Amino acid sequence: MTRTNAKAEAHVNAQHPVSWTLSGFGDEIDADPTTQIAVLEALGASHIEVRSAWGVNIIDLDADQLARLGAQLQQSGMGVSAIGSPIGKVDVALDAELEVARLARAIAAAHALGTPNIRIFSFFRGEGVPVEATRDDVLVRMRLLADLAEREGIVLLHENEKDIYGDVPERILDLVESVGSPALRLAWDNANFVQVGVVPFDDGYAMLRPYLDYLQVKDAVAESGQVVPSGEGDGQLRETLTALRDDGYAGFASLEPHLADTHALGGFSGPASFGVAARAFRRLTDELGIELR
């Protein structure tokens, strides 16, 4: 898109403003919540996605730590968009009840921090195990997780992480429709799709949009899989954001840049790179007439 066309599109959309709530994974900035909050505030975010604090994963924080974190967030006026849990990032061959117990701890954190949303995954598998062979076990476990979420008034947001059962659009659709629970919805991640050979908007958007409740923001280069700022990769961010704008999406956009390091439970960017990612995303949303608050 040319600069002239971008300005024209922004002008048109200014007549029908769309507003999304900006959030971000605080532990991609720093281990200390004080720094997490300060950087997010400086970037114009009103919410935080909590994956860990003080270097401790969210499901391992005790009641006193959760109370301390909650007080800190409340004092700053920072809301919590979601709990970035590791639920479902384990081998599907493990005892199903172990993951239900871990979800109970994530739910306790969600209640303590005042959010109904918990990000989850749909299980890894052993080396050499065909993904199709895990379907029944995955569905049993996801149904158990959804049952607990329903009882607790929680929404589980399934993220399309690479190498889990639900990493491509067809299996994600199978998962969410087969479980059939109002407590199981989708978190959309363009970069993760790129890393498993999916062209995100073309291959998955229309199929999955009815279940999409949450946007995680990062981009990636198809050839290498490298994560890059929004609009610099092959994740079709512009097409995705435009479609979300036009079909009435009004939810969270959560920054998860992964610009310095990526590991099994997440990633890290640091304050400077996190700022680069936030500004790249805001350039896109400004061009598309989307307000971030």
> Gln75 passes all but one of (1) in a helix (DSSP H, G or I); (2) in contact (Cβ under 8 Å) with a residue 40 or more places away in the chain; which number fails?
Replying inline: (2)
> crowded, with 23+ Cβ neighbours inside 10 Å, in contact with a strand residue (DSSP E or B) (Cβ under 6 Å, 6 or more places away or on another chain) and either free of Cβ contacts under 8 Å to residues at least 24 places away in the same chain or of a type in the set (Phe, Trp, Tyr) (or both): does that describe Phe252?
Replying inline: yes
> Can you tell me which residue in the stretch 117-168 is farthest from Ala222 (Cα to Cα), limited to those that are assigned to a loop (DSSP other than H, G, I, E, B) and among the acidic types (Asp, Glu)?
Replying inline: Glu127
> Would a scan of the stretch 169-183 turn up a residue that is on the phi > 0 side of the Ramachandran plot and in a loop (DSSP other than H, G, I, E, B)?
Replying inline: yes
> Limited to the stretch 121-132, what total is found for residues that are surrounded by 22 or more Cβ atoms within 10 Å (Cβ to Cβ) and either touching a Ser or Thr at 6+ places or on another chain (Cβ under 6 Å) or among the hydroxyl-bearing types (Ser, Thr, Tyr) (or both)?
Replying inline: 1
>> Residues to consider are Asp234, Asp219; find the one that is surrounded by 15 or more Cβ atoms within 10 Å (Cβ to Cβ), over 21 Å from Ser46 (Cβ atoms) and under 15 Å from the mean Cα position of the chain (by Cα).
In response: Asp219
> Taking the stated definitions as given, is Ala243 surrounded by fewer than 23 Cβ atoms within 10 Å (Cβ to Cβ), modelled with pLDDT of 95 or more and either out of contact with any Ser or Thr (no Cβ under 6 Å at 6 or more places or on another chain) or over 21 Å from Lys162 (Cα atoms) (or both)?
Replying inline: yes
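The values are calculated or read from the model by the stated rules, or taken from the named source; none is laboratory data. All figures in this text were calculated on a predicted structure; none of them were measured in a lab. FYI the Cβ positions are ideal-geometry reconstructions off the backbone, even for glycines, and counts take in every protein chain you see.
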